[in-house]
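Novice: Got a structure for you, questions after.
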Amino acid sequence: MADRTIPSKEKPVRASPLPYSSKIIKAGALLDDAKTLLSHWDVAASVPENLDRIRRENVFGKASRSRVEDILAVFRQRYLTEAEVTKALVVLLKKRLPAASLDRVLYFHAARADRLLHDTVTEVLTPKQAQGITEIDPGGLQKALGKWIESGLTTGAWSENTTVRVAQGLLSTLRDFGVLQGAINKRIAPAYLPVTGFAYIAFYLKQHQPSGAKVLEHPDWKLFFLNRESVERFFFEANQHALLEYHAAGTVTRLTFPVSTLEEYANVLAEKSH
């Protein structure tokens, strides 16, 4: 998974140089399957060992072996490329972090792992939401995809059918992640991020971007439709809950956490949430 840290310039660049992939057609949110995977994960074993066992035991209960392989390929990219992330997610699941927070965390990692999913939210949906537009027109999304295809940002020249299917996949995935609402006509859901979910994401971003000020302005907050002021309010709230220490004075921003690893912090958040 690409590192999405912000460079030293003020204006962030695109999060990843990787081309847009059409794999969202096969992926979806897969929240229940992701939780099944994490509930069966052995942190003492390697990723290949875990995946081999999960295949043998057919923990997903799928009749099709090819479908299992599709799911495992998606999860490997989303949740298994950083050992600390995998360990932290296992802690959050097994210590029963409330689903409202865990689902947001899973969405965050899924969006970071898939540039198309990430940029659909941050570059297509976020500007609409900022303008007070909540209704999502599938045709408008297809048009945006068409522009990206013409600009050479995709893995190849997608056919019209592929473009339509990718747009449908994006909309259904974002609905299942709670970013959108509506069975047929999609609209942007009211932004919702529990403070424990926010704190987890802040810790993760801080590991990848040591500057507290740049974490505050990180473009990934757009995945939750948060502007700088909203992010700062969350930091003050998390500070009040003793999840972190946040102090801002003029141009100086100090952001610290009570532990040093993501796995340790997952334990802190799980305990604080009960």
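The values are calculated or read from the model by the stated rules, or taken from the named source; none is laboratory data. Treat the numbers as computed from the prediction; the structure is a model and nothing was measured. Cβ: placed from backbone, ideal geometry, glycine included. Neighbour counts: every protein chain shown.
Novice: State all residues of the range 251-274 that are of a type in the set (S, T, N, Q) and either assigned to a loop (DSSP other than H, G, I, E, B) or buried (at least 20 other Cβ atoms within 10 Å of the Cβ) (or both); if no residue qualifies, say none.
Specialist: Going residue by residue through the range 251-274, those that are of a type in the set (S, T, N, Q) are 251, 253, 256, 260-261, 267, 273.
Listed by number, the residues that qualify are Thr251, Ser260, Thr261, Ser273.
Novice: Hey, another quick one. Can you name the condition, by its number, that Arg175 falls short on among (1) assigned to a helix (DSSP H, G or I); (2) in contact with a Leu (Cβ under 9 Å, 6 or more places away or on another chain); (3) more than 17 Å from Ser101 (Cβ to Cβ)?
Specialist: (2)
Novice: To continue, here is another question. Ala199 versus (1) part of a loop (DSSP other than H, G, I, E, B); (2) of a type outside the set (Ser, Thr, Tyr); (3) under 17 Å from the mean Cα position of the chain (by Cα): which is the lone unmet condition?
Specialist: (1)
Novice: So, Thr196, is that one modelled with pLDDT under 95 and crowded, with 19+ Cβ neighbours inside 10 Å or not?
Specialist: Values: modelled with pLDDT under 95: no; crowded, with 19+ Cβ neighbours inside 10 Å: yes.
When the stated conditions are applied, Thr196 does not pass them.
Novice: Mind checking which residues of the range 214-237 are in a helix (DSSP H, G or I) and aliphatic (A, V, I, L, M)?
Specialist: Those that are in a helix (DSSP H, G or I) and aliphatic (A, V, I, L, M): Val215, Leu216, Leu223, Val231.
Novice: State which residue is surrounded by the fewest Cβ atoms within 10 Å (Cβ to Cβ) when the search covers only the range 165-193 and only residues that are within 11 Å of Ser22 (Cβ to Cβ) and of a type in the set (A, V, I, L, M). If you could, list the steps in order and put the result at the bottom.
Specialist: Our first condition is that a residue be within 11 Å of Ser22 (Cβ to Cβ); within the range 165-193, this holds for 165-167, 169-170.
Subsequent filtering for residues that are of a type in the set (A, V, I, L, M) retains 166-167, 170.
Values: Val166: 24, Ala167: 21, Leu170: 29.
Checked the range 165-193; the qualifying residue surrounded by the fewest Cβ atoms within 10 Å (Cβ to Cβ) is Ala167.
Novice: For the range 110-126, check the following and say yes or no: at least one residue is free of Cβ contacts under 8 Å to residues at least 40 places away in the same chain, on the phi < 0 side of the Ramachandran plot, surrounded by fewer than 21 Cβ atoms within 10 Å (Cβ to Cβ) and in contact with a Gly (Cβ under 9 Å, 6 or more places away or on another chain).
Specialist: So the first thing to find is which residues in the range 110-126 are free of Cβ contacts under 8 Å to residues at least 40 places away in the same chain, and the list is 123-124.
Those left that are additionally on the phi < 0 side of the Ramachandran plot: 123-124.
Now restrict to residues that are surrounded by fewer than 21 Cβ atoms within 10 Å (Cβ to Cβ): 123-124.
With in contact with a Gly (Cβ under 9 Å, 6 or more places away or on another chain) added as a condition, the list becomes 124.
Yes, there is a match, as at least one residue in the range 110-126 is free of Cβ contacts under 8 Å to residues at least 40 places away in the same chain, on the phi < 0 side of the Ramachandran plot, surrounded by fewer than 21 Cβ atoms within 10 Å (Cβ to Cβ) and in contact with a Gly (Cβ under 9 Å, 6 or more places away or on another chain).
Novice: Okay, moving on. Keeping to the range 238-250, report how many residues are out of contact with any strand residue (DSSP E or B) (no Cβ under 7 Å at 6 or more places or on another chain) and assigned to a strand (DSSP E or B).
Specialist: Qualifying residue count, the range 238-250: 2.
Novice: Right, here's the next one. Identify all residues within the range 199-246 that are surrounded by fewer than 20 Cβ atoms within 10 Å (Cβ to Cβ) and acidic (Asp, Glu); write none if there are none.
Specialist: Glu217, Glu229, Glu232, Glu237, Glu245 - these are the residues of the range 199-246 that are surrounded by fewer than 20 Cβ atoms within 10 Å (Cβ to Cβ) and acidic (Asp, Glu).
Novice: Another question, if that's okay. Confirm whether Tyr204 is assigned to a helix (DSSP H, G or I) and of a type in the set (Ser, Thr, Tyr). It would help to see each step written out before you state the result.
Specialist: Details: assigned to a helix (DSSP H, G or I): yes; of a type in the set (Ser, Thr, Tyr): yes.
Against the criterion (assigned to a helix (DSSP H, G or I) and of a type in the set (Ser, Thr, Tyr)), Tyr204 qualifies.
Novice: Mind counting the residues in the range 158-167 that are without any contact (Cβ under 8 Å) to a residue 40 or more places away in the chain and part of a helix (DSSP H, G or I)?
Specialist: Qualifying residue count for the region: 5.
Novice: Can you spot a residue in the range 129-150 that is on the phi > 0 side of the Ramachandran plot and without any contact (Cβ under 8 Å) to a residue 60 or more places away in the chain?
Specialist: As a first pass, look at the range 129-150 and keep what is on the phi > 0 side of the Ramachandran plot: 132.
Those still in the list that are without any contact (Cβ under 8 Å) to a residue 60 or more places away in the chain too: 132.
Taking every residue of the range 129-150 in turn, at least one turns out to be on the phi > 0 side of the Ramachandran plot and without any contact (Cβ under 8 Å) to a residue 60 or more places away in the chain.
Novice: Check the range 166-183 and report whether any residue there is under 15 Å from the mean Cα position of the chain (by Cα), among the aromatic types (Phe, Trp, Tyr) and closer than 19 Å to Gly28 by Cβ.
Specialist: yes
Novice: If you don't mind, another one. Could you list, in sequence order, all residues of the range 122-147 that are in contact with a Leu (Cβ under 8 Å, 6 or more places away or on another chain) and within 17 Å of Arg165 (Cα to Cα)?
Specialist: The answer is Ile136, Pro138, Leu141.
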